Amino acid sequence: IYSTLVDADFQETETYINGEKPRGDHESIEALRQKLNQFLQKFNDPQNELNCKRTEILNACLSKSEEKQGFFTLTVPTGGGKTLASMAFALNHAAKHDLKRVIYVIPFTSIIEQNAAVFKEFLGEENVLEHHSNFDWEQKRRAEGEIPDNQTNNAYIKLKLAAENWDIPIVVTTNVQFFESLFANRSSRCRKLHNMAKSVIIFDEAQMLPREYLYPAMYAVWELVTNYGASAVFCTATQPSLHKFLPEGTPFTELAPDPQGLFDFFRRVQITNIGELSDGELLDKINAQQQSLCIVNTRKHAKGLFDGLVDEGRFHLSTLMCPAHRKAILLTIRERLKNQETCRVISTQVMEAGIDVDFPTGYRALAGLDSIIQAAGRVNREGRLPSGEVHVFEPDSEFVKRIPAYIEQGAAVARSVLRNFPADPVSTAAINAYFEQLYSLQDAHAFDYKDIVACFDKGDEFDFKTAAEKFQIIENKTVAVIIPYNEEAKKLIEELKYTLFPASTIRKLQPYTVNIYEQEFQALNTKGVIEMAAETYATLTDKEHYYHPQTGLLIPESGGGEAIFL
């Protein structure tokens with residue numbers, strides 16, 4: 001009710017001050033369903049076994065779109081085409097039940113840009129809203145040639161206005177934006193809530209839902225489905241046991257035909273646990289191969305291993321590199337893989353979910369089984385080899401002094417599952433065993449560690465303010481440092497110093513920022529290489545000595561270095 005009221009108030013005020021704006025008036029869900037189904041006709045006559053299986057998954061989702069509203073799962077291995085299949089289900093399900101929109105919720109901005117581009121291809125850019133921190137409205141405006149605001153057919157204005165209240169048929173957004181909006185108490189953030197009603201909400205990579213907030217997050221989804229006419233779809237290759245966080249007996253409908261059969265069909269990788277490895281032994285194995293990927297749990301370990309790689313064709317990826325830098329490195333990696341050139345990559349978890357690369361061999365430091373399987377999705381991705389290999393190892397390294405508790409716990413459970421399912425850890429039985437054991441190790445408080453549910457357990461009085469303050473998926477313990485990465489970034493930093501509208505410039509600087517912990521920021525600050533632009537925004541001043549062209553931001557030793565960013 002509050003959302004409906006404040007959105008109407010915002011729009012009335014906007015109209016009074018600025019006149020009518022080109023809001024809404026997008027194509028209907030039925031029209032988009034027809035567009036999509038016409039696009040899907042090209043898959044009707046698959047020419048090989050792989051595409052036959054993808055079409056089978058797609059048709060299963062289409063056939064189940066007429067099911068009554070509720071909770072659904074789509075358990076499909078990497079390469080099964082779940083992006084298209086889930087959208088096919090969603091649009092046909094929405095049309096069947098007279099729903100208003102599809103909201104596609106994704107954990108990482110890198111996957112958002114990738115999936116949104118797919119949807120725009122066949123649904124039209126004017127019908128798809130990307131709502132995340134890296135989307136630059138000003139750059140889009142420049143690309144469209146500065147079309148005047150008074151032209152009501154300006155797709156740019158419509159999309160920018162739709163970002164305020166999600167009044168658009170297709171929204172592609174992040175876990176952070178979706179859930180923090182649900183628990184927000186500020187009028188500007190609540191404007192979109194009433195537009196979540198009567199929608200199909202797809203959670204891609206569902207294993208990445210925030211573990212510490214699973215109870216309040218899942219209760220909120222249950223409320224949307226039970227009382228506000230929504231349907232929820234949880235998509236992943238590693239389906240978590242989410243029923244544990246909903247009222248007992250809540251039914252889930254699986255959309256995929258025979259998930260275990262799909263795992264058997266799409267199996268392209270053999271996962272083996274090779275036990276403890278020193279950094280020297282690991283580097284010998286990686287350097288002996290022309291192309292190899294190694295994913296580890298901390299940035300410090302990634303940097304240490306990278307320094308030990310043979311120089312030719314070596315690459316590093318972590319969140320100490322700004323997004324623009326990572327994007328450029330990934331382009332180079334893909335080209336070298338495609339051209340069969342030397343390519344050895346050391347990465348943190350930033351390389352796992354949704355990154356489209358194809359290595360013949362991979363190494364993964366022991367972590368949760370979901371992370372191991374996601375890493376395996378970057379190996380033999382296109383099935384060019386009879387079987388790819390992923391070697392799980394336990395690091396014996398001077399660079400690994402401590403691992404956060406949640407990774408240690410996931411690794412301990414994964415160690416047990418790999419022991420119990422040595423021949424087939426990528427199976428529905430192994431994945432179910434992993435999540436059942438992982439969730440049973442912790443009490444209920446671990447999944448609502450800030451007691452947010454209690455804010456709504458007070459009879460008729462809900463404590464919205466406290467819930468909003470507590471529900472912060474990304475804690476405010478990091479500092480964004482702007483990197484003068486290239487000429488565009490330097491120009492924007494200068495603009496930031498003098499502009500009267502810094503929010504717009506900050507949005508444009510998102511691809512050039514690195515988030516670090518406060519103690520790491522202080523370590524940099526004591527070196528005198530941080531300047532505060534407009535007295536507010538931290539900017540690196542000495543790129544030459546404190547931003548490496550291969551590994552990114554260099555943190556002085558006193559600043560630690562065990563931090564983990566996904």
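The values are calculated or read from the model by the stated rules, or taken from the named source; none is laboratory data. Keep in mind it's a predicted model, so treat the numbers as computed, not measured. Neighbour counts are summed over all protein chains in view; Cβ atoms, including those assigned to glycine, are modelled from backbone coordinates with ideal geometry. Side chains included, ligands, DNA and RNA excluded: accessible areas come from the protein's heavy atoms. Shrake-Rupley method; radii C 1.70, N 1.55, O 1.52, S 1.80 Å.
Annotations
- Options A324, A353; residue that is at pLDDT below 95, of a type in the set (A, V, I, L, M, F, W, C), out of contact with any Lys or Arg (no Cβ under 7 Å at 6 or more places or on another chain) and open to solvent by 10 Å² or more (accessible area, probe 1.4 Å): A324
- Restricting region 17-40 to residues that are at pLDDT below 80 and either of a type in the set (A, V, I, L, M) or more than 19 Å from W166 (Cα to Cα) (or both), the residue that is most open to solvent (accessible area, probe 1.4 Å): I17
- Of all residue pairs spaced 6 or more apart or on separate chains, those with beta-carbon atoms under 8 Å, a first member in region 175-194 that is of a type in the set (V, I, T) and a second member that is open to solvent by 10 Å² or more (accessible area, probe 1.4 Å) and part of a loop (DSSP other than H, G, I, E, B) are V176/I473; V176/I474.
- Strands (runs of 3 or more DSSP E) (entirely within region 322-435) containing at least 2 residues that are over 21 Å from D311 (Cα atoms): 361-365, 388-396
- Subset tally (residues that are in contact (Cβ under 8 Å) with a residue 12 or more places away in the chain, open to solvent by 10 Å² or more (accessible area, probe 1.4 Å) and of a type outside the set (S, T, N, Q)) for region 102-117: 3
- Comparison of T272, T298, T236 shows that the only residue that is within 21 Å of L366 (Cβ to Cβ) and in contact with a His (Cβ under 8 Å, 6 or more places away or on another chain) is T272.
- Residue in region 531-548 that is of a type outside the set (S, T, N, Q), in contact with a strand residue (DSSP E or B) (Cβ under 8 Å, 6 or more places away or on another chain) and in a loop (DSSP other than H, G, I, E, B) present: no
- Against the test of being within 13 Å of V296 (Cβ to Cβ) and modelled with pLDDT of 90 or more, the options S416, S347 yield a single qualifying residue, S347.
- In summary, L283 fulfils each of the numbered conditions (1) outside any helix (DSSP H, G or I); (2) surrounded by fewer than 23 Cβ atoms within 10 Å (Cβ to Cβ) with the single exception of condition (1).
- Any chance L224 is in contact with a strand residue (DSSP E or B) (Cβ under 9 Å, 6 or more places away or on another chain), part of a helix (DSSP H, G or I) and open to solvent by less than 20 Å² (accessible area, probe 1.4 Å): yes
- Exclusive hit being outside any loop (DSSP other than H, G, I, E, B) and touching a Pro at 6+ places or on another chain (Cβ under 8 Å), set K497, K490, K465, K527: K490
- Checking the stated criteria, V479 turns out not to satisfy the condition of being within 19 Å of K244 (Cβ to Cβ) and either aromatic (F, W, Y) or surrounded by 14 or more Cβ atoms within 10 Å (Cβ to Cβ) (or both).
- When P77, P46 are checked against the criterion of being open to solvent by less than 20 Å² (accessible area, probe 1.4 Å) and either more than 19 Å from H93 (Cβ to Cβ) or part of a loop (DSSP other than H, G, I, E, B) (or both), a single residue qualifies: P77.
- Some residue of region 11-30 being without any contact (Cβ under 8 Å) to a residue 40 or more places away in the chain and under 14 Å from N92 (Cβ atoms): no
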